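Read the figures in this text as sums done on the coordinates, not as results from a lab. Just so it is clear, the structure is predicted and the values come from calculations on it, not from any experiment. Every residue, glycine as well, gets a Cβ built from its backbone with ideal geometry; the counts of neighbours run over all protein chains shown.
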Amino acid sequence: MDIAIIGGGAAAVGLLDALATAGGTDMGGTGTITVFEPSPRLWRGRAYGPDLDSVLVNAPPAIMSIRNGDFDHYAAWLGERGADHTDELLGQPLVPRALYGEYLVQCAEKAVAALGEQGWRVRVVTARVTEVVRSGPGLVLRTRDAHDDAHDDAHQGTHEHEATHVVLCVGGGTPPDLYSLTGRPGYTADPYPLADTLASVPPGGDVAVIGSGLTAVDVVVSLAARGHTGGIALLSRSGVLPHVWQRPIARPPQQVTVDRVARLHKDRGTVALDDLISLLRAELVEAGEDFDAFARELLATDTDDPVARLRRQLAVVADPRIGRRVLQETVHTVGPYAWRLLSESDRARLGRHLRTAVSVASPMIPRNATVLMRLLDTGRLTLVPGVRAIEPSKGRFRIWHDGGDRSAEFVVNGVNPPPHAVPGAARDLLSSLTATGLSAHHPSGGLTPLDPRVHVVGDLSAGGPAITASIPGLAAQAAATAQALLRTSLHAASLR
Ligand SMILES: Cc1cc2nc3c(=O)[nH]c(=O)nc-3n(C[C@H](O)[C@H](O)[C@H](O)COP(=O)(O)OP(=O)(O)OC[C@H]3O[C@@H](n4cnc5c(N)ncnc54)[C@H](O)[C@@H]3O)c2cc1C
């Protein structure tokens, strides 16, 4: 078996780790594994490269483990170093993302060594995959060397590599340019790494950040950490901020579980959104909590005052009520499975609450919430909802919003890429996969493999809810993909 892993970020690390720990030669033979990664951020991907210390992981250690089902794997790696990075309100270590990147690098290196001991030949090719095509019984990948790709030299550095199986781990997109500002002086189209992009913003500069999700929060917090004294405006259409993490509690959901949903599906043949709501209601009632009050507060996310909610949620980080915790966790754990069972009309019904779902599913960490609150209270940060247009004007930017207009000297794009967005580096690759019928674009976004030799791990995989993949989601997908690959390998070995 010759496995080609396209992309060398967290998803690829999860896959290598799962292959290394899943049984190796006992599973029926080995072969080659080639990882293709054009960027210098091998194993770290887009999120976990070197950056400012203010750019922190967005989740507590138990849900940053790259090994599926082993909730202590990352915490054990972090060990005593975690104590230097404790988020006081959360009571958990939240480290700079670059440090988490070291964890990924070490996991990948260990997995590569373990796979080598099991007889696999693993190598990394510093190149971008531009095409995958059928070739007899196998597949051929065409690549462009990173150097020639960067210099746009169409005739250099093109190579072919054979594979029996391909796993796409190409990640998600970059922030979309909603107001066509790319190339304008003072505009930052992609904020990461913030260490580079914020270096050109003077401390007293008048900055507008587009977006109000986690990327925009990273930008504001990093401006503050650099001692920014100028005004900061957070521009968005909705004005909805991410909810705030609560302290983890040791109470795994009892009702909202994959098993319960699977049982409902087996007994009735269908699963409706109302069934999932009933499970959540049962979960809260069992814990002695008021489901209706919880639902009312949740549904007000789109309409209530975001600053008042931020203040309220900062005050209840340690509140023992489980409602938001259960929802936050199960969106990632039960959500992808349940979503596939829902009818189109139920998916559309949920889709109307997407903004609320995203802000609950991907909350901000209390440390960042505290910085935002302080900046809001001192008037240095302003939330500007209802943004309609941003245009360059006389060396500045004019911003039109429902409440009037304002201007800024610098604009940083902090819009979260939409789920299932195709990264620029993978566009031609995806065209080749769909042109050859190896995969198809899913009507709701993402890529559906049409050939058992093609797999997708990460944001691009189709059929799941429109929520960006988190580390546990990636780890679960990677483990399932490793099992599928090793089953095929076992089958092939049994035929020999
Ligand atoms: C800024 C940011 C912060 C995040 N923080 C957290 C967090 O704290 N906690 C959490 O749970 N989740 C977080 N996430 C979500 C998720 O965990 C990460 O996005 C995760 O790192 C995704 O890993 P990936 O391997 O799927 O994609 P990526 O990390 O993007 O890696 C994909 C790799 O594929 C390569 N590639 C693309 N096209 C090609 C091609 N054609 N050929 C070869 N290689 C290619 C790219 O160069 C890239 O290195 C964050 C996401 C972002 C963007």
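Explain nothing, just the number: dipole magnitude of the chain about its Cα centre with +1 on each Lys and Arg Cβ and -1 on each Asp and Glu Cβ, in debye rounded to the nearest 20.
So the dipole magnitude of the chain works out to roughly 560 debye.
Pull out the extension gain between Asp402 and Ala440, defined as 0.36 nm times the separation in residues minus the alpha carbon to alpha carbon distance; nm, one decimal.
So the extension gain works out to 9.7 nm.
For Ser431 and Ala225, compute 0.36 nm times the residue count separating them, minus their Cα-Cα distance, and round to one decimal in nm.
Fully extending the segment from Ser431 to Ala225 adds 70.0 nm.
Rounding to the nearest 20 debye, state how big the charge dipole of segment 169-252 is about its Cα centre with +1 on each Lys and Arg Cβ and -1 on each Asp and Glu Cβ.
Dipole magnitude for segment 169-252 comes out near 340 debye.
So what does log10 I(q)/I(0) come out to for the chain at q = 0.06 Å⁻¹, using the Debye formula with one equal point on every Cα and no solvent?
-0.29
Assuming 0.36 nm per residue, please report the length gained on full extension of the stretch Asp70 to Arg263 beyond their Cα-Cα distance.
Computed gain between Asp70 and Arg263 is 67.0 nm.
For a label point 7 Å from the Cα of Glu88 along Cα→C-beta, name the residues of segment 305-328 whose backbone N is under 16 Å from it.
314-318
Which of the peptides 407-416, 78-87 is most tightly packed, and how do the rest follow, going by the mean number of other Cβ atoms within 10 Å of each residue? Walk me through the intermediate numbers first.
Working: 407-416: 22.3, 78-87: 13.4.
The densest-packed peptide leads the list: 407-416, 78-87.
Excluding Ala475 itself, calculate the net charge of residues whose Cβ lies under 12 Å from the Cβ of Ala475, where each Lys or Arg counts +1 and each Asp or Glu counts -1. It would help to have the intermediate numbers written out before the result.
Details: positive: Arg67; negative: Asp17, Asp70.
Spelling it out: positives minus negatives among the neighbours equals -1.
Looking at the chain only, what percent of DSSP beta bridges run antiparallel? Nearest 5 please.
Just about 50 percent of them are antiparallel.
Take peptides 173-186, 438-451 and line them up by average Cβ neighbours within 10 Å, highest first, as a rough protection proxy.
On the way: 173-186: 15.3, 438-451: 16.9.
Averaged packing, sorted descending, gives the order 438-451, 173-186.
Within 15 Å, Cβ to Cβ, of Gly288, how many net charges do the neighbouring residues add up to if Lys/Arg are +1 and Asp/Glu are -1?
The answer is -2.
How long is segment 258-361 along each principal axis, judged by its Cα atoms, biggest number first, in Å?
Computed over the Cα atoms, the extents are 44, 29, 21 Å.
Zone of Asp302 (label point 7 Å along Cα→Cβ, backbone N under 19 Å): which residues in segment 342-377?
The answer is 344-362.
How fast does segment 376-440 diffuse by Stokes-Einstein, in µm²/s, taking the Kirkwood radius from C-alpha pairs at 10 °C and 1.306 mPa s?
This corresponds to a translational diffusion coefficient of 102 µm²/s.
For the chain, what is the relative contact order in percent, using Cα pairs closer than 8 Å and at least 6 residues apart in sequence?
Numbers: 930 pairs, mean separation 115.3, N = 496.
Computed value for the chain: 23 percent relative contact order.
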